[in-house]
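These notes are about the structure you will find just below.
The values are calculated or read from the model by the stated rules, or taken from the named source; none is laboratory data. This one's a predicted model, so the numbers in the text were calculated from it and none came from an experiment. Don't worry about glycine lacking a Cβ; one is built from the backbone with ideal geometry, like all the others, and counts go over all protein chains shown.
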Amino acid sequence: MPSSPTVTDPARPAPSNPVDSERLRHLARLRSVRDRIDRDYAQPLDVEALARGVHMSAGHLSREFRTAFGESPYSYLMTRRIERAMALLRRGDLSVTDVCFAVGCASLGTFSTRFTELVGMPPSAYKREAAGTADGIPTCVVKQVTRPIRNREARPAARD
């Protein structure tokens, strides 16, 4: 006798599926990597160390992180560092070199290049233009407004 399809009650959660449970555990490990980057961005972090922390190879972590969050762990780390650098440069009391090292970058050249890619201007120009512009604005609003926009997130230019 053929079995009839079961009707599920939308108010009752579906039975646990081992594949779904494993996927959720996997995503939780990836979130823990992202949380560690958010928390320890100024510390020396590399993909190898992050991968060891969640018992994955560096290559596997990079692929899975990109699939889950849309960018590699290194790119995510550099974005967090640049966001923090923008805030420090807006204060105006630190040099670009001091900011570079304060956010965990070991190379001023790499920092300046990545900053320019994400923000659209070199850190020294940003410091000159942005110093004091956020005075009196709540920090949460400043963070939203000044967040760097990656090329893939930018809107395409209007065509004439």
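So, of the residues in the stretch 34-67 that are surrounded by 15 or more Cβ atoms within 10 Å (Cβ to Cβ) and touching a Lys or Arg at 6+ places or on another chain (Cβ under 8 Å), which turns out to be modelled with the lowest pLDDT?
Once the filter is applied, the top-ranked residue is L45.
Write out, first by first residue and then by second, each pair whose Cβ atoms fall under 8 Å of each other, whose residues are 6+ apart or on separate chains, and whose first residue, in the stretch 106-130, is within 14 Å of E83 (Cα to Cα) and in the same structural domain as R91 (by TED's automatic domain parsing) while the second is assigned to a loop (DSSP other than H, G, I, E, B) and among the small types (G, A, S).
Every condition considered, the pairs that remain are K127/G92.
Identify, please: which residue in the stretch 21-39 is touching a helix residue (DSSP H, G or I) at 6+ places or on another chain (Cβ under 9 Å) and of a type outside the set (K, R) and is, among those, farthest from R114 (Cα to Cα)?
H26
For residues that are part of a loop (DSSP other than H, G, I, E, B) and either hydroxyl-bearing (S, T, Y) or outside the structural domain of A125 (by TED's automatic domain parsing) (or both), tally how many sit in the stretch 72-100.
2
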